[in-house]
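One structure is given below, encoded as structure tokens.
The values are calculated or read from the model by the stated rules, or taken from the named source; none is laboratory data. Everything quoted here is computed from the prediction, not taken from an experiment. Note that each Cβ is placed from the backbone with ideal geometry, even for glycine, and that neighbours are counted across all protein chains shown. Keep in mind that these areas ignore ligands, DNA and RNA; they rest on the heavy atoms of the full protein, side chains included. Shrake-Rupley method; radii C 1.70, N 1.55, O 1.52, S 1.80 Å.
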Amino acid sequence: MTGQQTERVPIALQGQYDAITALTDQFCEAHLNTEYRDLCRRMVAKLCRKRPSPLAAGKPNTWACGVVYSVGRVNFLFDKSQTPTMTADELCSPFGVSKSTGSAKSTAILKWLNSHQGDPNWTLPSRLGDNPLAWMIQVNGFILDARTAPRELQEEALRLGLIPYLP
């Protein structure tokens, strides 16, 4: 481990966490970036804390592929207009997993986490400013973009954890 691990993981699943994140770290450092690496670590830790944890069974390489695939889906990794970008085959092949298995594992992971494409909770930090879902708040029954709201509303939205930072 690189010493940057700050995620809480149940002791019983520490070995699975270590095995999976070793694979995701290696892949992200070779093909993606540290933002992807950090989100993958966070996602693995969150899955470890699920009760019961789906990570208690299965192969680390399949889970690692599914986690990177999930973070990639949320951040539109398969969109050629994005940087970085790659195909599902390019993502799954280094893990020794077929793209259909990678996609199926990712679908299950996103379902367990109640997540979706563009989910602000799993958006790369460098892209949060461009993610409209990160800025939508409800005020008096109306949905609005917090970036266009008066400063007092922005400050309150930040205090309540509804937006990632003050625009």
Practice item. Specify the residue that is surrounded by the most Cβ atoms within 10 Å (Cβ to Cβ); the eligible residues are those in region 84-103 that are under 24 Å from Ser53 (Cα atoms) and more than 16 Å from the chain's Cα centre (by Cα). Key: Cys92
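Table: residues versus (1) open to solvent by less than 50 Å² (accessible area, probe 1.4 Å); (2) over 22 Å from Gln82 (Cα atoms); (3) polar (S, T, N, Q).
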{"position": "Lys111", "(1), (2), (3)": "no, yes, no"}
{"position": "Ser115", "(1), (2), (3)": "yes, no, yes"}
{"position": "Pro120", "(1), (2), (3)": "yes, no, no"}
{"position": "Leu124", "(1), (2), (3)": "yes, no, no"}
{"position": "Asp145", "(1), (2), (3)": "yes, yes, no"}
{"position": "Glu155", "(1), (2), (3)": "no, yes, no"}
{"position": "Leu160", "(1), (2), (3)": "no, yes, no"}
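Would you point out the residue of region 24-76, among those that are among the hydroxyl-bearing types (Ser, Thr, Tyr), part of a helix (DSSP H, G or I) and in contact with a Leu (Cβ under 9 Å, 6 or more places away or on another chain), that is most open to solvent (accessible area, probe 1.4 Å)?
Looking only at region 24-76, we keep the residues that are among the hydroxyl-bearing types (Ser, Thr, Tyr), and these are 24, 34, 36, 53, 62, 69-70.
With the extra rule that they be part of a helix (DSSP H, G or I), the set shrinks to 24, 34, 36, 62, 69-70.
The next check asks that each one be in contact with a Leu (Cβ under 9 Å, 6 or more places away or on another chain); those that pass are 36, 69-70.
Numbers: Tyr36: 0, Tyr69: 18, Ser70: 0 Å².
Step by step, filter region 24-76, then rank; the result is Tyr69.
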